[in-house]
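The next block holds one structure in the form of C-alpha cells; read it before the comments.
The values are calculated or read from the model by the stated rules, or taken from the named source; none is laboratory data. Computed from a prediction, not measured in an experiment: that's the story for all the values here. We place every Cβ from the backbone using ideal geometry, glycine too, and count neighbours over all the protein chains shown.
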Amino acid sequence: MEMKIATRRYTGQTGNQHCFHYFLTVDQEETSCFFCENYGVRIAEEDGDSTSIPRITTSAQRIDELMTLLVDNQVGPTGLADVVADWL
C-alpha cells in the first residue's frame, strides 16, 4: 500500500524547476506469532525518476520523523538512499 504525504516544488541550483512527490509505503508483515506494518518511503520526481526504499521501520513515529526530514529538506529520488543510510 502507498499513501501520498506531500508534494514540494522548488528551483534547483542550476535554475531548473523540480517537483517531488513523497509517499509512505506500507508492507504487512505476518508471522506465526504476530502481525505488523513495515514502513518505507518513495520519492518521485514529476516527469522523472522514482526511487523507493521499502521496509525501513515498523515504528510509525520513526517513519514520520524520516518523512518530515525528507520533505523539509526537499530530498529528491537520487539522494534518498544516502539520507536514509545516514538516518539509520
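Give the range 46-88 a look and list any residue that's in a helix (DSSP H, G or I), of a type outside the set (Val, Ile, Thr) and buried (at least 16 other Cβ atoms within 10 Å of the Cβ), or say none.
Kept after step one, since they are in a helix (DSSP H, G or I), are these residues of the range 46-88: 60-72, 77-87.
Those left that are additionally of a type outside the set (Val, Ile, Thr): 60-62, 64-67, 69-70, 72, 77, 79-82, 85-87.
Within the range 46-88, 66, 67, 70, 77, 80 qualify.
Could you list all residues from the range 12-44 that are modelled with pLDDT of 95 or more and charged (D, E, K, R)?
The one that is modelled with pLDDT of 95 or more and charged (D, E, K, R): 42.
Mind listing whichever residues of the range 58-88 are among the β-branched types (Val, Ile, Thr) and more than 12 Å from the chain's Cα centre (by Cα)?
Step one: of the range 58-88, the residues among the β-branched types (Val, Ile, Thr) are 58, 63, 68, 71, 75, 78, 83-84.
Answer for the range 58-88, where residues must be among the β-branched types (Val, Ile, Thr) and more than 12 Å from the chain's Cα centre (by Cα): just 58.
Under 6 Å between Cβ atoms, which residue pairs at least 6 apart in sequence (or on different chains) link something in the range 1-26 that is touching a residue at least 12 places away in the same chain (Cβ under 8 Å) and over 10 Å from residue 43 (Cβ atoms) with a partner that is among the basic types (Lys, Arg) and surrounded by 13 or more Cβ atoms within 10 Å (Cβ to Cβ)?
Once the first residue is touching a residue at least 12 places away in the same chain (Cβ under 8 Å) and over 10 Å from residue 43 (Cβ atoms) and sits in the range 1-26, its partners that are among the basic types (Lys, Arg) and surrounded by 13 or more Cβ atoms within 10 Å (Cβ to Cβ) give 25/42.
What is the residue count in the range 63-77 for residues that are closer than 13 Å to residue 45 by Cα and in contact (Cβ under 8 Å) with a residue 60 or more places away in the chain?
Qualifying residue count for the region: 2.
Residue check: is residue 13 assigned to a loop (DSSP other than H, G, I, E, B), on the phi < 0 side of the Ramachandran plot and over 10 Å from the mean Cα position of the chain (by Cα)?
Numbers: assigned to a loop (DSSP other than H, G, I, E, B): yes; on the phi < 0 side of the Ramachandran plot: yes; over 10 Å from the mean Cα position of the chain (by Cα): yes.
The answer is yes for residue 13.
Of all residues being charged (D, E, K, R) and loosely packed, with under 12 Cβ neighbours inside 10 Å in the range 3-45, which is farthest from residue 83 (Cα to Cα)? Just the residue, please. Give the derivation first.
Taking the range 3-45 first, the residues charged (D, E, K, R) are 4, 8-9, 27, 29-30, 37, 42, 45.
So of that shortlist, the ones also loosely packed, with under 12 Cβ neighbours inside 10 Å come out as 4, 9, 29-30.
Details: 4: 19, 9: 19, 29: 25, 30: 28 Å.
Result: 30.
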